[in-house]
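Report on the structure given below.
The values are calculated or read from the model by the stated rules, or taken from the named source; none is laboratory data. If you're wondering where the values come from, they're calculated on a predicted model, not measured in any experiment. Don't worry about glycine lacking a Cβ; one is built from the backbone with ideal geometry, like all the others, and counts go over all protein chains shown.
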Amino acid sequence: MIQLDGVQRHFTVGGELVRALDGVDLDLADGEYVSIMGPSGSGKSTLLHVLGLLDRPTSGVYRIDGRDVTALDDEVRTRVRAEKIGFVFQFFHLVPRLTAAENVELPLTLAGVPPPQRRERVMQVLEAVGLTGRARHLPGQLSAGQRQRTAIARATVTSPSLLLADEPTGNLDRRTGSDVIDLLERLNTGGITLVVVTHDPEIGGRAGRHIRLVDGRVAADDGVRAAS
Ligand code: ADP
Ligand code: MG
């Protein structure tokens, strides 16, 4: 369960205040499938970064499973992120010198999982994304779609409860993008809470709930806010 209350994220650029998020109230139930759309610069990535504990709100409160994560120190935040959250980016963000399997293994290494368990788990998730035969390939030896599937395997290898994807199909052709969304949707069917930021109305329309951001605020949301 995710709860944002009055979340603001302001930046000061050249003396100008930018209200990237300007008072966002949002509840996401476990297992929801939500798309976030809105004009460029409306705060979509900023919102995803806050949700993913990659950034902190300037003000407001963010709770995960009832726990206020806004004020946690960096070490605890990093641990909560590693345990609960997976992130998928438009440009994949794979380490070019590591194989697909090594990229996927990284979060487990950081979490201190012993090598034999790491290897077993890596093979499981690579199989889940259909890349068993590509485990030893470097990112440069993979197609764009395979790179994104590798990134999805890396994002889910720690079995997070929340998966955040920022324009995950933005660098893929339509067909490959649709396959990547199919894969994310299968993970959601398996129970993970899925939030997809997209420019593509067709992809955004596939979600169970549709949120529109404008000027750092929720301008439309066809989900039901849980009573609190
Ligand atoms: P979107 O993903 O919807 O295109 P962003 O969340 O990236 O929008 O950006 C929202 C606004 O915040 C924009 O005006 C952007 O320039 C600004 N912004 C985002 N990140 C930063 C940052 N790190 N420093 C300064 N301004 C930022
Ligand atoms: Mg963005």
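List of remarks:
- For the condition in contact (Cβ under 8 Å) with a residue 12 or more places away in the chain, among the basic types (Lys, Arg) and away from ligand 1 (no atom under 16 Å from the Cβ), residue 81 qualifies.
- Screening 86, 112, 41 for residues that are of a type in the set (Gly, Ala, Ser), closer than 30 Å to residue 134 by Cα and in contact with a strand residue (DSSP E or B) (Cβ under 9 Å, 6 or more places away or on another chain) leaves exactly one candidate, 86.
- Residue 35, sole failed condition from (1) in contact with a helix residue (DSSP H, G or I) (Cβ under 7 Å, 6 or more places away or on another chain); (2) closer than 15 Å to residue 7 by Cβ: (2)
- Qualifying residues in the range 31-51 (those that are within 13 Å of ligand 2 (Cβ to nearest atom) and in a loop (DSSP other than H, G, I, E, B)) - the one surrounded by the fewest Cβ atoms within 10 Å (Cβ to Cβ): 40
- Residue count, the range 1-17 (criterion: of a type in the set (D, E, K, R) and away from ligand 2 (no atom under 16 Å from the Cβ)): 2
- Set side by side, the residues 45, 35, 40 differ, and just one is within 16 Å of ligand 1 (Cβ to nearest atom), more than 16 Å from the chain's Cα centre (by Cα), of a type in the set (Gly, Ala, Ser) and at pLDDT 95 or above, which is 40.
- The set of residues in the range 124-147 that are more than 13 Å from residue 187 (Cβ to Cβ), buried (at least 18 other Cβ atoms within 10 Å of the Cβ) and either touching a Pro at 6+ places or on another chain (Cβ under 8 Å) or among the β-branched types (Val, Ile, Thr) (or both) comprises 139, 147.
- When 215, 222 are screened for being loosely packed, with under 12 Cβ neighbours inside 10 Å and touching a strand residue (DSSP E or B) at 6+ places or on another chain (Cβ under 7 Å), only 222 passes.
- Residue satisfying all of: in the range 18-30; of a type in the set (D, E, K, R) and farther than 19 Å from residue 81 by Cβ; farthest from ligand 2 (Cβ to nearest atom) among these: 27
- Among the residues listed as 104, 122, 61, 80, the single one being at pLDDT 95 or above and either within 16 Å of ligand 2 (Cβ to nearest atom) or under 18 Å from the mean Cα position of the chain (by Cα) (or both): 104
- Qualifying residue in the range 148-164 (condition: away from ligand 2 (no atom under 16 Å from the Cβ), surrounded by 20 or more Cβ atoms within 10 Å (Cβ to Cβ) and basic (Lys, Arg)): yes
- Exactly one residue out of 145, 208, 223 is in contact with a Ser or Thr (Cβ under 8 Å, 6 or more places away or on another chain) and away from ligand 2 (no atom under 16 Å from the Cβ), and it is 145.
- Lone qualifier among 109, 70 - being away from ligand 1 (no atom under 16 Å from the Cβ), hydroxyl-bearing (Ser, Thr, Tyr), in a loop (DSSP other than H, G, I, E, B) and without any contact (Cβ under 8 Å) to a residue 40 or more places away in the chain: 70
- Matching residues in the range 15-32 - criterion: being in contact (Cβ under 8 Å) with a residue 60 or more places away in the chain and more than 9 Å from ligand 1 (Cβ to nearest atom): 22, 23, 24, 25, 26, 27, 28, 29, 30, 31, 32
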